[in-house]
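One structure is given below, encoded as structure tokens.
The values are calculated or read from the model by the stated rules, or taken from the named source; none is laboratory data. Values in this document were obtained by computation on a predicted structure and should not be read as measured data. Quick note on the areas: whole protein, heavy atoms, side chains included, nothing else; ligands and nucleic acids left out. Shrake-Rupley method; radii C 1.70, N 1.55, O 1.52, S 1.80 Å.
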Amino acid sequence: MDSFPFELVSPEKLLVSEEVQHVVVPGSEGEFGVMAHHAPFMTTLKPGVVKVYKTEGGEPEKLFVRGGFADVNAKGLTILADEATPLAEMGVDRIDELIADAEEDLADASTDDDKLKAELRLVRLRETKAVYF
């Protein structure tokens, strides 16, 4: 299987920059996988876990992202995350903080659009907690 360049960048730092075999990304319209020679596209991310497969058949490195953008192009995959943390360093306390923030955002939402966005974020964070913590 061919490898391709992958970078995951947060405002704080560059978390990953290497050749990989496969990456599974939590897109806002659902999870998607990227392999070498993937068709180009750009999408937004929902809160969730990026799974990075560095070797064929190996265990993935898992990184929590709070949202952001993914750009798939001829040069590879770049994720620009609002916040990103290796899942092993995340901890249940941090996910609980994010859930509390989302609950507060929902309570403070003044428009239907803001309420819908806050509800979606809250549901996605709760799903992430249920699956990974």
Please report, in cubic angstrom per residue, the volume enclosed by the convex hull of the alpha-carbon atoms of the range 1-43.
-> 82
State the volume of the convex hull built on the alpha-carbon positions of the chain, expressed per residue in Å³ and rounded to an integer.
-> 106
Under 1.5 on a/c is rounded, so check that first for the range 25-69, then, if it is not, pick prolate when a/b is larger than b/c and oblate when it is not; a ≥ b ≥ c are the square roots of the alpha carbon gyration tensor eigenvalues.
-> oblate
Specify whether the C-alpha gyration tensor of the range 57-97 places it in the rounded, prolate or oblate class, a ≥ b ≥ c being the square roots of the eigenvalues: rounded for a/c under 1.5, otherwise prolate if a/b is larger than b/c and oblate if not.
-> oblate
Cα-Cα over 27 Å: which of 75/117; 75/129; 51/75; 54/115; 13/129; 54/117?
-> 75/117; 75/129; 54/115; 54/117
For the chain, report the accessible area per residue in Å² (1.4 Å probe, heavy atoms, rounded to an integer).
-> 55
For every helix of n ≥ 4 consecutive DSSP H residues, a contribution of -39,500 (n - 2.57) applies; sum these over the chain, divide by its total residues, and give [θ] at 222 nm rounded to the nearest 500 deg cm²/dmol.
-> -11000 deg cm²/dmol
Enclosed volume per residue, in Å³, of the convex hull spanned by Cα atoms of the range 61-133 = 100
By the Cα gyration tensor axes a ≥ b ≥ c (a/c under 1.5 gives rounded; else a/b larger than b/c gives prolate, otherwise oblate), the shape of the range 4-78 is rounded
Hey, what angle do you get for helix 87-108 against the long axis of the chain, alpha-carbon based, 0 to 90 degrees rounded to 10?
-> 40
List the relative contact order of the chain as a percent without decimals, with contacts defined as Cα pairs under 8 Å and 6+ residues apart.
-> 21
Whole-percent carbon and sulfur share, accessible surface of the range 72-133, 1.4 Å = 50
How much length is gained if the chain between residue 100 and residue 120 is pulled fully straight, taking 0.36 nm per residue apart and subtracting their Cα-Cα distance, in nm to one decimal?
-> 5.8 nm
